[in-house]
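Below is one structure, written out as structure tokens, with a few remarks after it.
The values are calculated or read from the model by the stated rules, or taken from the named source; none is laboratory data. Please read all numbers here as calculations on a predicted model, not as lab measurements. Glycine gets a Cβ as well: all are built from the backbone with ideal geometry, and neighbour counts include every protein chain shown.
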Amino acid sequence: MNTIYREHKIVSRLLAVLLSALLTVPLLTSCGGGNRTATPPPVDDTISGRNVTNINPANQPEVQKGLSTGQKVGILAGAAALYYLYNQHKNAQGEGPQGKYYLSKNGRVYYRDSENRAHWVTPPPEGIRVPESEAQKYRDYQGYNNRATGRDLTGLTSSSAPAI
């Protein structure tokens with residue numbers, strides 16, 4: 001009887017050690033170097049005050065009174081300007097501020113640089129002047145003709161955008 005007890009004790013201890021070792025394997029493997037190909041975190045260029053959209057005011061149409069509707073200009077700021085910029089760049093080729101833009105799940109627009117880092121796009125504070133015929137597409141969004149009311153960009157996410 002004593003030998004049977006001793007055998008059960010040894011088997012129980014070996015089983016406990018084996019199970020303990022198996023439980024520590026996930027802990028040890030999760031502390032590894034991590035995924036070396038993971039994309040770096042997004043860069044918020046709005047903090048430094050840089051305007052990443054590179055919009056040249058000289059290229060924007062002049063606001064003139066007394067012109068026909070086709071020649072008038074609408075001002076897009078805020079969400080309307082971001083959506084306009086996104087639509088202008090969503091099919092562009094390349095990287096950086098002049099390349100392809102994406103719409104994030106949180107309703108912000110971004111582009112990726114050559115290191116695959118995401119950069120948030122910020123429209124200029126004075127807004128973007130676009131032909132009124134084109135501006136009409138954005139009349140439901142915040143910032144259309146400097147309006148404070150309207151839709152934001154949440155819920156418009158693109159299925160082809162890499163997740164942030």
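Does any residue of the stretch 112-131 turn out to be surrounded by 15 or more Cβ atoms within 10 Å (Cβ to Cβ), aromatic (Phe, Trp, Tyr) and more than 22 Å from Ala148 (Cα to Cα)?
No: the stretch 112-131 contains no residue that is surrounded by 15 or more Cβ atoms within 10 Å (Cβ to Cβ), aromatic (Phe, Trp, Tyr) and more than 22 Å from Ala148 (Cα to Cα).
Which one of these is at pLDDT below 65 and at positive phi: Gly78, Gly66, Gly70, Gly33? Spell out how you get there, then give the answer.
Values: Gly78 fails: at pLDDT below 65; Gly70 fails: at positive phi; Gly33 fails: at positive phi.
Checking each option against the conditions leaves just Gly66.
As an exercise: evaluate Tyr110 against (1) closer than 19 Å to Pro42 by Cα; (2) touching a Leu at 6+ places or on another chain (Cβ under 7 Å); (3) not hydrophobic (A, V, I, L, M, F, W, C) and give the number of the one condition it does not meet.
So Tyr110 meets the others, but not (2).
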